[in-house]
Amino acid sequence: MMSIEKYTNMIFALDNEFGRRFADFQKLAAEFDILSSPFTTDFEKAPDAIQLELIDLQCDSTLKEKFQSESIDKFYALLEYIQVCQPEKDGHETTRSVWVHIHLWTNIFDHEH
């Protein structure tokens, strides 16, 4: 029979290993929140590079309705479709193009794992 101390040590070791292996996820939690809840994420906590795009996205009521009615992957696919079908005339990247890049990145990530 194993003693309680041995089980305690095994559980402690597993907890440490789990924490070590998944520490990067803790660091990336805010970025994951942006992807999963772009309309409720505090734009001030987002990386500087996407704050304006996040504000624009959050102000778009049509996209907000689509986000609420579609699955996340379909929503980001919709953004990709909008960007392809409605390119900006002034040559600047739009809010949608940032989210298209995120959609493409998440698709690549999903297919690798």
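The values are calculated or read from the model by the stated rules, or taken from the named source; none is laboratory data. Values in this document were obtained by computation on a predicted structure and should not be read as measured data. Here Cβ is always computed from backbone atoms with ideal geometry, including for glycine, and neighbour counts include all displayed protein chains.
For this structure, a couple of remarks:
- Search result, residues across the stretch 13-31 that are modelled with pLDDT under 90, of a type in the set (Phe, Trp, Tyr) and not in a loop (DSSP other than H, G, I, E, B): 25
- Residues (among the charged types (D, E, K, R) and part of a helix (DSSP H, G or I)) located in the stretch 39-75: 44, 45, 48, 53, 56, 64, 65, 66, 73, 74
- None of 50, 34, 55 is among the aliphatic types (A, V, I, L, M) and at pLDDT 85 or above except 55.
- Matching entry among 2, 10 (being at pLDDT 80 or above, of a type in the set (A, V, I, L, M) and surrounded by fewer than 14 Cβ atoms within 10 Å (Cβ to Cβ)): 10
- Filter pass, residue 5 being assigned to a helix (DSSP H, G or I) and over 21 Å from residue 79 (Cα atoms): yes
- In the set (1) surrounded by fewer than 12 Cβ atoms within 10 Å (Cβ to Cβ); (2) within 12 Å of the chain's Cα centre (by Cα), the condition left unmet by residue 41 is number (1).
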